Amino acid sequence: MANEKNTANSLLNSLASSDLSAKSLADKWFAPAMYLLGAGIPLVLSFLYLFTLIKESWLAITAFGLRLFTQTSWDPIQNNYGVFTFIYGTLVTSFIAIIISLPLGIMVATFVYEYVPPNLRVTVRNSLDLLAGIPSVIYGLWGIFVLIPFLKRSVYPGLGVVFPPVQSAIGNSIFSASIVLSIMIMPILVSIIVEGFDTVPQSLREAMYGLGATRWEVTKHVVVGTTKPTIAAATLLALGRALGETMAVTMVIGNSNNPPSSFFAIFEPGQTISSLLANEFSEASGALYLSTLFELALVLLVLTSIVNILGILIVKRLKQSYGGQ
């Protein structure tokens, strides 16, 4: 009887030891495997994107150098390629969109955080997040059939009295594209800014109220004042989205390859890097023409990557300043 009990105990001990060794082996390899999948795959894909664009655009890089970015003439038939017009259109539309959407985004985020009842706050935030999921072609159609007719009928006539160049605006312009972009990036701005508001310690708010501050003063100096890094990060991430937007911009910007008549010619038709690629990539013929388009795609990738990395670094610094919350 004792021998049978000893045998059973030894068998259980061997099973337990083998189970523990299997667990320790799984724990040993789990972290490296997850790290490889989580960090390795995005890095490999980013490297492949960058390598492919550099390889395909090398012909244009060696043929034009920096001269490509200073010229405005775009004539593929004569092999004249200047992309300053498209870089101008990309930067101007994105920055005007930020100028329009940033103050509105701060006001909407403040309304959601301060004035919406707590039982409705989640519903309102989810509704704003849904706007980010609307396909860009829908925004483009809205711009064509609603925004542009409204601008031509109600805005440009009155604005033309103060700024005469607006009188010749035809609707499809850099300004129209900027308005569409500002609406598209609004959900990103509001979502990130509200998350920043959530990190504000309640004790700071209560202390300000205890000192006799009004609700406006608490909102201005505590809620908004202490989340400036978050607002800066939201601005950069929204700018990265605006720089790479394609379909909606292509539908409303006018798609003109002509250089702007002046630096502030925002009411004229224009072209961005994304819209140019969408319009001409499928029709490109000739190695140099195609290589130039690849170089433009490389420029766009570098611009958006720099902006997004800056935004991520600001968010990381913000989390560290609040103790990783």
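Every number in this text was worked out from the coordinates using simple rules, so none of it is lab data. Note that this is a predicted model, so its numbers are computed, not measured. Cβ sites come from the backbone with ideal geometry, for glycine too, and all protein chains shown count toward neighbours.
To the nearest 20 debye, what is the magnitude of the charge dipole of the chain about its Cα centre, counting +1 on the Cβ of each Lys and Arg and -1 on the Cβ of each Asp and Glu? List each step's numbers first, then the result.
Details: 17 positive and 16 negative charges, 129 e Å.
The calculated dipole for the chain is roughly 620 debye.
For segment 87-198, what does the relative contact order come out to in percent, with C-alpha contacts under 8 Å and a separation of six or more?
Once normalised by length, the contact order is 52 percent.
Which value does Rg/Rh take for the chain over its C-alpha atoms, Rh per Kirkwood?
Rg/Rh for the chain comes to 1.16.
Taking each pair of distinct Cα atoms in segment 219-325 once, what is the resulting Kirkwood hydrodynamic radius in Å?
16.5 Å
Given the DSSP H assignment, sum -39500 (n - 2.57) over each helix run of at least 4 residues in the chain and divide by its residue total; what's the result at 222 nm in deg cm²/dmol, nearest 500?
Roughly -22500 deg cm²/dmol at 222 nm, from the helical runs in the chain.
For segment 161-278, take the convex hull of the Cα atoms, compute a quarter of its surface area, and give me that in nm², please. Display every interim value, and only then the final one.
Working: hull surface 40.0 nm².
Answer in nm², one decimal: 10.0.
For the pair Leu141 and Ser154, how long in nm is the line joining their label points, each one 7 Å along Cα→Cβ?
2.2 nm
At what distance in angstrom do the alpha carbon centres of segment 254-311 and segment 48-111 lie from each other?
After rounding, the separation between the Cα centres reads 5 Å.
Using 0.36 nm per residue of separation minus the Cα-Cα distance, give me the extension gain between Gln78 and Ile306 in nm, one decimal.
Between Gln78 and Ile306, full extension yields an extra 78.7 nm.
In vacuo Debye scattering of segment 68-198, one point per C-alpha: log10 I(q)/I(0) at q = 0.10, 0.11, 0.17, 0.18 Å⁻¹?
Ignoring solvent entirely, the Cα scatterers give -0.47, -0.56, -1.02, -1.07.
Which helices count as membrane-span-like in the chain under these terms: full DSSP H, at least 18 Å along the axis by C-alpha, Kyte-Doolittle mean of 0.5 or more?
Details: long enough: 2-35 (50 Å, -0.27); 41-64 (34 Å, 1.60); 84-110 (39 Å, 1.95); 118-132 (22 Å, 0.19); 174-198 (35 Å, 2.03); 228-244 (25 Å, 0.97); 287-321 (51 Å, 1.56).
Answer set is 41-64, 84-110, 174-198, 228-244, 287-321.
Rounded to a whole number, what is D in µm²/s for segment 137-219 from Stokes-Einstein with the Kirkwood radius over alpha-carbon pairs (37 °C, 0.692 mPa s)?
Approximately 202 µm²/s, per Stokes-Einstein.
Choose one answer from Gly133, Gly158, Gly212: the residue with the largest mean-square fluctuation in a GNM of the chain with alpha-carbon springs under 10 Å.
Gly212
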